[in-house]
1. Hey, any hits in segment B:56-65 for a residue that's within 30 Å of A:I32 (Cα to Cα) and out of contact with any helix residue (DSSP H, G or I) (no Cβ under 9 Å at 6 or more places or on another chain)?
2. Say we look at segment A:2-38 and pick out the residues that are more than 7 Å from chain B (Cβ to nearest Cβ) and under 11 Å from B:R142 (Cα atoms); which of these is most open to solvent (accessible area, probe 1.4 Å)?
3. Suppose the filter is open to solvent by less than 70 Å² (accessible area, probe 1.4 Å) and either within 8 Å of DNA strand C (Cβ to nearest atom) or assigned to a helix (DSSP H, G or I) (or both); does A:D90 pass it?
4. Within segment B:125-140, can you find the residues that are over 17 Å from the mean Cα position of the chain (by Cα) and either more than 9 Å from chain A (Cβ to nearest Cβ) or in contact (Cβ under 8 Å) with a residue 12 or more places away in the chain (or both)?
5. Out of the residues in segment A:76-87 that are open to solvent by less than 60 Å² (accessible area, probe 1.4 Å) and of a type outside the set (D, E), state the one that is farthest from DNA strand D (Cβ to nearest atom).
6. B:R143 is checked against (1) surrounded by 16 or more Cβ atoms within 10 Å (Cβ to Cβ); (2) facing chain A (nearest Cβ under 7 Å) and fails just one. What number does that condition carry?
7. Please tell me if B:E113 is closer than 30 Å to A:Q134 by Cβ, of a type in the set (D, E), away from DNA strand C (no atom under 16 Å from the Cβ) and surrounded by fewer than 15 Cβ atoms within 10 Å (Cβ to Cβ).
8. Does segment B:39-72 hold any residues that are exposed (fewer than 14 other Cβ atoms within 10 Å of the Cβ), within 10 Å of DNA strand D (Cβ to nearest atom) and away from chain A (no Cβ under 14 Å), and which are they?
2 protein chains.
Amino acid sequence: MGTHHQGTEQEVRALDACIKLVRAAESVSSQIHHHLEAVNLTVSQFGVLEALWHLGTLSQSDLAHKLLRSGGNMTLVIDNLEKRQLVRRDRQSRDRRVVQVCLTDAGTQLIQEIFPRHVAAIVQTMNILTATEQEELGRLCRRLGRQE
Amino acid sequence: MGTHHQGTEQEVRALDACIKLVRAAESVSSQIHHHLEAVNLTVSQFGVLEALWHLGTLSQSDLAHKLLRSGGNMTLVIDNLEKRQLVRRDRQSRDRRVVQVCLTDAGTQLIQEIFPRHVAAIVQTMNILTATEQEELGRLCRRLGRQE
DNA sequence: CCATAATACTTTGATATTAAATAATTGGAT
DNA sequence: ATCCAATTATTTAATATCAAAGTATTATGG
């Protein structure tokens, strides 16, 4: 497996590592999110619920920044969560441009129910690697990830 | 950085590695595809052109399988490439269900023009890591990736 | 030969995603 | 006080993406 490119050693090595990185992330991502089907949540919706659960009420731009998505996207994802009454929008009076988003009781209950499944799925998927290998993977990936 | 989850060591380690893997892949992916803006191609469209260039004419289901996307998705992506006359559809007479997709001259010219930029971007991005580290990353990711 | 199953593609409906344009609000400078 | 720039959210248009339903074609079993 790997690249079909005929190039220098450096090129082949970089392309190969890159392809495997992207494939691994896609594969892991699809495995760990499989359980979301059962509760009819998309990955983005889950991301919002998780962020709100761990960080508390956030504005839409905070959420967009955290999840590395555009503001327009957040508007839609939160629309869909709001339709199911899993989150609530609140326009604050101190700055009326800002929309604060928080979990409803139903949203809190749902994320509390599914987060353990999420953790279990990640542990199971990542346990293909040993503890040392996971740490090594983390170190390498951190250097490639967005510098914040 | 990492997870906000309070759990066992095993859980924290797995979540941490998982988050960094997915973030790294997103970051790398966005960096290496940045040059596609200049030629107004999407990542999916580029994927199709690249596959056709390296592997020659393929059926839509071959493409869907290679690129790990649904058949319905391929229909749309190829529609959009066909509108720009970068690829051509051919219904074969031996099995009229199958649509073979091939590069047009314009498509070949375009992929030949941009593929070197693609390689250069990957080399530049991945060179954050040493050669040995890239190989190690490749080994770890291969084990996490889809088993084919 | 014919009914049925399997395959390949298309269509539809829903959600995601971005960039760009718009609207509302705020803060600062003159 | 008023104008201008920055910020925040929404809308729009285009593409992506999947699952599921639909259509056409081919293969198979009796």
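The values are calculated or read from the model by the stated rules, or taken from the named source; none is laboratory data. All values derive from a computational prediction rather than experimental measurement. Cβ sites come from the backbone with ideal geometry, for glycine too, and all protein chains shown count toward neighbours. Keep in mind that these areas ignore ligands, DNA and RNA; they rest on the heavy atoms of the full protein, side chains included. Shrake-Rupley method; radii C 1.70, N 1.55, O 1.52, S 1.80 Å.
1. Here is the first cut: in segment B:56-65, the ones within 30 Å of A:I32 (Cα to Cα) are B:60-65.
If we keep only those that are out of contact with any helix residue (DSSP H, G or I) (no Cβ under 9 Å at 6 or more places or on another chain) as well, we get B:65.
There is at least one residue in segment B:56-65 that is within 30 Å of A:I32 (Cα to Cα) and out of contact with any helix residue (DSSP H, G or I) (no Cβ under 9 Å at 6 or more places or on another chain).
2. Selected residue: A:I19.
3. Numbers: open to solvent by less than 70 Å² (accessible area, probe 1.4 Å): yes; either within 8 Å of DNA strand C (Cβ to nearest atom) or assigned to a helix (DSSP H, G or I) (or both): no.
Against the criterion (open to solvent by less than 70 Å² (accessible area, probe 1.4 Å) and either within 8 Å of DNA strand C (Cβ to nearest atom) or assigned to a helix (DSSP H, G or I) (or both)), A:D90 does not qualify.
4. Step one: filter segment B:125-140 for residues over 17 Å from the mean Cα position of the chain (by Cα), giving B:127-137, B:139-140.
Matches in segment B:125-140: B:T130, B:T132.
5. Restricting attention to segment A:76-87, the residues satisfying the condition of being open to solvent by less than 60 Å² (accessible area, probe 1.4 Å) are A:77-81, A:86-87.
Cutting the leftovers down to of a type outside the set (D, E) gives us A:77-78, A:80-81, A:86-87.
On the way: A:V77: 10, A:I78: 6, A:N80: 12, A:L81: 12, A:L86: 16, A:V87: 12 Å.
Going through the qualifying residues, I end up with A:L86.
6. Looking at each condition in turn, B:R143 falls short on (1).
7. Values: closer than 30 Å to A:Q134 by Cβ: no; of a type in the set (D, E): yes; away from DNA strand C (no atom under 16 Å from the Cβ): yes; surrounded by fewer than 15 Cβ atoms within 10 Å (Cβ to Cβ): yes.
Here the answer is no, as B:E113 does not meet what is asked.
8. Across segment B:39-72, the qualifying residues are B:N40, B:G71, B:G72.
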